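The values are calculated or read from the model by the stated rules, or taken from the named source; none is laboratory data. Values in this document were obtained by computation on a predicted structure and should not be read as measured data. We place every Cβ from the backbone using ideal geometry, glycine too, and count neighbours over all the protein chains shown. Only protein heavy atoms, including side chains, enter the accessible area calculation; ligands, DNA and RNA are left aside. Shrake-Rupley method; radii C 1.70, N 1.55, O 1.52, S 1.80 Å.
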Amino acid sequence: MTVKDFPEECWESVFRFLGLGHHHLESLSLVCKQFLAITNRLKFSLTVYDPTIPLFPRLFLRFPRLKILDLSLLNGHHEHLLHQISQSGLDLDLINLSNQRTLSVDGLRELGSNMRNLRALICSNIGSLRDSHLVIIAYCFPLLEELDISFPLNSQTSDFGVLRLSSMLENLRKINISGNHLITDKSLFSLCQNCLSLEEISFFICFKITQTGIASAIRLRPGLRSISFNIEKKRIHGPGLTLTPIDLNLIDSFKSLKGLTAIDLSNSVISDEFLFALAEGGGLLLKQITLQDCCNCTFSGISYVLSKCQSVQCLDLRKVDFLTDECISKLSVFLLSLTTINLSGCCQLTNSTFFILTRNCPLLSEIKMERTYLGVEGEEDSMRDFAVNLEVKKVFLGDNVLLSDASLLKFVSICPSLQILDLIGCEGVSGEGVVEVLKRCIEIRHLNLANTGMKVFDIDFEVSKLKVLNLSGSRIEDETLSVISRRCCGLMLLDIQSCWFVTEKGVREVVENCKTLKELNLKNCRLVSDDFVDWLEFSKPSLRIIVTPTDVGAYY
């Protein structure tokens with residue numbers, strides 16, 4: 001039986017079973033026309049860039065099963081696109097219209113008339129957002145389950161718009177109204193009262209919503225699974241902060257959130273008593289806790305909530321500056337379910353914290369410790385007691401200026417399964433150290449060495465699994481690019497922005513040897529001409545994105 005004789009439905013089932021990602025499907029599409037047709041039907045998400053706008057009608061025909069359409073990276077106002085989308089015949093589940101100057105009322109109305117089954121609408125960072133937009137959204141998309149209208153640049157949205165919205169979207173499960181500074185307790189109350197399926201709500205920087213209003217809303221909707229907000233830090237005349245006292249009514253209301261799985265209190269004034277109530281409410285179900293840049297709580301509060309919520313998988317303690325290695329050691333005994341931790345900006349944490357986490361958290365897969373005291377040896381810096389941790393796949397250590405090759409090699413020695421390593425701004429790490437890392441961690445796919453000032457990157461072995469390499473702001477020359485082109489031939493993205501000593505010769509060698517290269521950033525590469533970019537555009541059509549040296553435009 002030949003490929004052509006094998007039914008397409010069977011090939012489709014095979015590709016689905018293999019769980020192939022976008023880039024693998026793209027490779028399969030080149031095998032034959034039959035595979036191209038099959039892989040087109042397996043594409044469910046599309047991100048649109050400006051140069052692809054003329055191809056819109058053909059793209060919709062090519063990918064008939066699209067469910068997710070992302071327009072957030074478009075520049076300018078493209079009202080006509082909503083018309084094309086509404087006429088495409090697609091049955092979309094999600095549209096992302098973020099970062100546009102405004103929302104076209106007529107465009108939304110036409111879109112809604114043809115896509116009544118739309119489940120999610122993302123409209124974050126819109127230039128101007130008005131009540132009329134909310135009314136049209138509610139009227140045109142009655143089955144919406146997820147809505148994001150967060151952080152408009154000019155918010156004219158008031159309680160009137162939110163009340164109309166909440167009265168019409170009975171199926172709404174998730175909403176983000178952050179940054180709409182005119183809305184008050186009435187909006188929050190109406191959402192919790194009218195949207196009977198509401199599970200997740202975010203309202204950062206909505207400072208007309210009071211603690212009393214939050215408490216009342218929580219009691220109306222005790223089944224909330226996720227809540228995100230901040231309690232304002234109020235500045236007074238002269239130095240210092242006036243700490244807003246936590247309302248006892250708010251503290252008590254959190255005890256009713258028995259089904260809570262995620263909470264984000266970033267940049268809030270909180271108290272230990274608040275954390276005690278959170279622990280009593282969330283208990284074993286709480287999976288995600290974010291206390292980034294919170295003040296007025298102590299180690300006792302954080303320790304208590306983690307001791308009671310030992311199912312936490314994602315923990316964000318960024319800029320909680322009283323944390324020490326000893327604190328992390330004590331907390332780690334409660335973190336047996338932890339998969340992701342962010343301790344960036346905790347300036348007292350040394351190498352010991354890294355070793356403690358990798359030793360005591362058996363499920364940990366991602367560590368973020370940017371802008372800490374890494375590079376300084378702590379009391380537990382001896383590696384005698386540390387076993388290899390094969391679960392850690394992602395490590396972000398950016399802007400640790402004291403981090404050295406010696407410390408970095410200790411880290412990777414106990415995390416040999418690393419796939420993503422981010423060392424942006426780590427000026428103490430040398431090219432020789434990075435090469436040794438690549439020898440020990442053969443699974444690395446994403447390596448960020450931006451702004452390290454690195455000059456030499458001399459690899460004498462194959463690094464076939466590396467897909468993304470960021471060398472922006474480094475001092476590399478053509479010789480280093482030549483090495484990369486021969487040893488990292490599987491690269492799909494190369495960022496050499498502001499590499500001032502790179503010339504067209506080195507770039508040409510990379511493009512010719514790295515056959516799978518899809519994205520290339522050449523911004524501020526002063527020795528690379530626009531004429532050379534034109535040559536790349538003509539000779540390498542597979543190169544999807546080129547940021548030109550003068551940053552005039554891009555080719556996709």
Two-site label geometry, Glu479 and Thr52: point separation in nm, points 7 Å out along Cα→Cβ = 4.0 nm
Along principal axes, Cα extents of the chain, largest first, whole Å = 67, 65, 57
With r as the distance between the Cβ atoms of Glu436 and Gln156 and R0 = 60 Å, compute the FRET efficiency 1/(1 + (r/R0)^6) and round to 0.05.
-> 0.60
Mean Cβ-within-10 Å packing, highest first, puts peptides 348-354, 214-220, 45-51 in the order 348-354, 214-220, 45-51
Taking the dipole of the stretch 470-554 about the Cα centre (Lys, Arg +1; Asp, Glu -1; charges at Cβ), the one of Leu536, Trp500, Val510 that reaches farthest to the positive side is Val510
Along the positive direction of the dipole of the chain (beta-carbon charges: Lys, Arg +1; Asp, Glu -1; about the Cα centre), which of Cys426, Leu291, Gly453 reaches farthest?
-> Leu291
Lys and Arg at +1, Asp and Glu at -1: neighbours of Glu79 with Cβ under 14 Å from its Cβ sum to 0
Using Cα pairs under 8 angstrom and six or more residues apart, how large is the relative contact order of the stretch 44-209, in percent?
-> 16 percent
Tell me, what are the semi-axes, in whole angstrom and largest first, of the equivalent ellipsoid of the stretch 44-209 as set by the roots of 5 times the Cα gyration tensor eigenvalues?
-> 27, 17, 13
Could I have the simple spin-label model distance between Lys255 and Arg116, label points 7 Å from Cα toward Cβ, reported in nm to one decimal?
-> 4.7 nm
accessible surface per residue for the chain, probe 1.4 Å, DNA/RNA/ligands not counted, whole Å² -> 44 Å²
If you average the sequence gap of Cα pairs under 8 Å that are 6 or more apart and divide by the length of the stretch 305-398, what percent do you get for the contact order?
-> 27 percent
Straight-line reach check, Lys308, cutoff 13 Å on alpha carbons, 8 or more apart in-chain or any other chain, hits among aspartates and glutamates -> Glu280
Which aspartates and glutamates have a Cα less than 12 Å from the Cα of Lys43, not counting those fewer than 8 places away in the same chain?
-> Glu12, Glu26
Put a dot 7 Å past each Cα toward the Cβ at His83 and Val401; how far apart are the dots in nm?
-> 5.5 nm
Dividing the helical contributions, -39500 (n - 2.57) per DSSP H run of n ≥ 4, by the residues of the chain yields a 222 nm value, nearest 500 deg cm²/dmol, of -9500 deg cm²/dmol
Relative contact order (%) - the chain, alpha-carbon pairs under 8 angstrom, separation at least six | 5 percent
Length gained if Ser542 through Arg526 is fully extended, taking 0.36 nm per residue and subtracting the Cα-Cα distance, is 3.4 nm
Between the residues Cys195, Gln87, Pro152, the Cα farthest towards the positive end of the dipole of the stretch 44-209, that dipole coming from +1 and -1 charges on the beta-carbon of Lys, Arg, Asp and Glu, is from Gln87
Span from the the stretch 96-140 Cα centroid across to the the stretch 328-350 one, whole angstrom = 41 Å
